[in-house]
Amino acid sequence: MAQAVSSQRGPVTGTAMRSHKRRPFLLDLYSTAVGKKYVMAITGIAMMGFVLFHMIGNLKMYLGAADLNHYAKFLEELLYPIAPHGVTLWILRAGLITMLLLHLHAAYSLTVLNRRARPVKYQSARDYQIATFASRTMRWSGIIALAFITWHLLDLTFGVVNDHVGTKDAEGLKDVYGNVVFSLQRVPVAIFYVVANVLLGIHLFHGAWSIFQSLGWNNPRFNKWRRAFATGFAAIVVIGNVSFPIAVLAGVVGN
């Protein structure tokens, strides 16, 4: 009688036993092109809101030094005394910087993904005809807008390139009005502000247009309204921001 040969299964290796730990859902979603587009859209909406309300607040400059300086004090005292003096404002600034970094990383990552993959149009032919110039200049307008933000912080927040920052007005408040006038009365700085804000407007136009596509709200029936919204939003921000250096140079404010 033939002896049965028993086959024994070898030991299971550590590699086979190793289980792959799933990443958190949000990180897993962000690793996809769809997730990156959502991040760009959400951070874009947050920064658009900041740009708009920042411009509206700065319009107080036309009401005089006292109004603008008191507005700046109000921002510093947000949620005070619940939160320490000035902390809420810095938390908001940190949040905006985080939004900006996420926006930049998502944009860069999408560019890398698009180059690696087969060319797939992000826009339909009709969309491309409408936003062709803005989309083609998106990268450069974004870079210049980033340079403008950096200069703006060094100029009017930290005072690195503005000796007037840190001075007080007659009431003992930070002389934000004087800071703005001192900065924008320098012709090269005023020109830079104008050019940077025009390019920011181009960036905002394409961003406002693309938000609907990134979130999947791109029905062709609404293209007319999407274009009107993108144009109107960008125009309001640009006209408001460009008016400040022009008003200073023309002597409308500051005298």
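Read-outs throughout are calculated quantities, based only on the coordinates presented, and are distinct from any laboratory measurement. If you're wondering where the values come from, they're calculated on a predicted model, not measured in any experiment. Quick reminder, even Gly has a Cβ in these numbers, built from the backbone with ideal geometry, and neighbours come from all protein chains shown.
Peptides 171-179, 193-201 ranked from most to least packed by the mean count of surrounding Cβ atoms within 10 Å: 193-201, 171-179.
Aspartates and glutamates within cross-link reach of residue 60: Cα-Cα under 15 Å, excluding same-chain residues under 8 positions apart? Filter leaves 175. Assuming a ≥ b ≥ c are the square roots of the Cα gyration tensor eigenvalues, decide whether the stretch 32-250 counts as rounded (a/c under 1.5), prolate (otherwise, with a/b larger than b/c) or oblate. Taking the square roots of the gyration eigenvalues as a ≥ b ≥ c, the stretch 32-250 is prolate.
Gain on full extension, evaluated as 0.36 nm per residue between residue 174 and residue 112 minus their Cα-Cα distance, stands at 17.8 nm. Qualifying trypsin sites (Lys or Arg not before Pro) in the stretch 201-255, where qualification requires a DSSP coil assignment and no more than 11 other C-beta atoms within 10 Å, are lacking entirely. Max-minus-min Cα coordinates of the stretch 22-122 on each principal axis give 58, 33, 14 Å, with the largest extent listed first.
Straight-line reach from residue 37: taking Cα to Cα under 16 Å and skipping same-chain neighbours fewer than 8 places apart, the lysines in range are 121. A Förster distance of 22 Å, applied to the separation of the beta-carbon atoms of residue 56 and residue 28, puts the FRET efficiency at 0.05.
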